[in-house]
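Below is one structure, written out as structure tokens; the observations come after it.
Read-outs: derived from the displayed coordinates by stated rules, not from any lab. Source: prediction; values computed, not measured. Cβ placement follows ideal geometry from the backbone for every residue including glycine, while neighbour counts extend to all protein chains displayed.
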Amino acid sequence: EPDEPTLLQRFFDHILEIRPHIFVTYNGDFFDWTFVEARAGIHGLDMLKEVGFAKNTAGFFACRPAIHMDCLCWVKRDSYLPVGSQGLKAVAKAKLRYDPVELDPEDMCKMAVEQPQVSKL
């Protein structure tokens, strides 16, 4: 997208288009949704009005027509992993037996420019 407001609006429109019943994040309550809400607000977009998501009185992001599952909450509560092993990569290795490949952020930027993955929505 040409700019951040357009990107955010497209994200909100995509949510409205596919109407997911479940959103799964990892630390979404304290980073992802908070970040999206703040950035949207800077551009005059209201996430609650756009897609119905807002922080509830318990401090978690919720939406009436969908469930938000923040997997970090489960990891902290039920995984029995030591505190230093609760990052997404460590959890993927321990619980999913999956070892994700890490890319250098500089390589990611270069790949995004040279080999963009364009969605065909």
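Things to note:
- All lysines inside 26 Å of residue 55 as judged from Cα atoms, apart from same-chain residues fewer than 8 positions distant: 76
- Net charge of neighbours whose Cβ lies under 15 Å from the Cβ of residue 16, counting Lys and Arg as +1 and Asp and Glu as -1: 0
- A simple count of charges around residue 7, restricted to other residues whose Cβ falls under 12 Å of its Cβ and scoring Lys, Arg +1 and Asp, Glu -1, yields -2.
- Estimated dipole of the chain in Debye, rounded to 20 [Cβ of Lys and Arg +1, of Asp and Glu -1, Cα centre]: 620
- Per-peptide average of other Cβ atoms within 10 Å, ordering 61-67, 79-85, 7-13 highest first: 7-13, 61-67, 79-85
- Cβ-defined net charge surrounding residue 114, 15 Å radius [Lys, Arg +1; Asp, Glu -1]: -2
- Loop-located GluC sites (Glu not before Pro) across the stretch 27-121 with a Cβ neighbour count of 12 or fewer within 10 Å are 102, with loop assigned by DSSP.
- Cα shape, the chain, gyration tensor, a/c 1.5 rule: oblate
- Pair residue 32, residue 93: separation of 7 Å Cα→Cβ label points (nm): 2.2
- Virtual paramagnetic centre 7 Å along Cα→Cβ of residue 24, amide N under 14 Å, in the stretch 70-111: 70-75, 92-93, 95-98
- Summed over qualifying helices (DSSP H, 4 residues or more, each -39500 (n - 2.57)) and divided by its residue number, the chain shows a 222 nm mean residue ellipticity of -13500 deg cm²/dmol.
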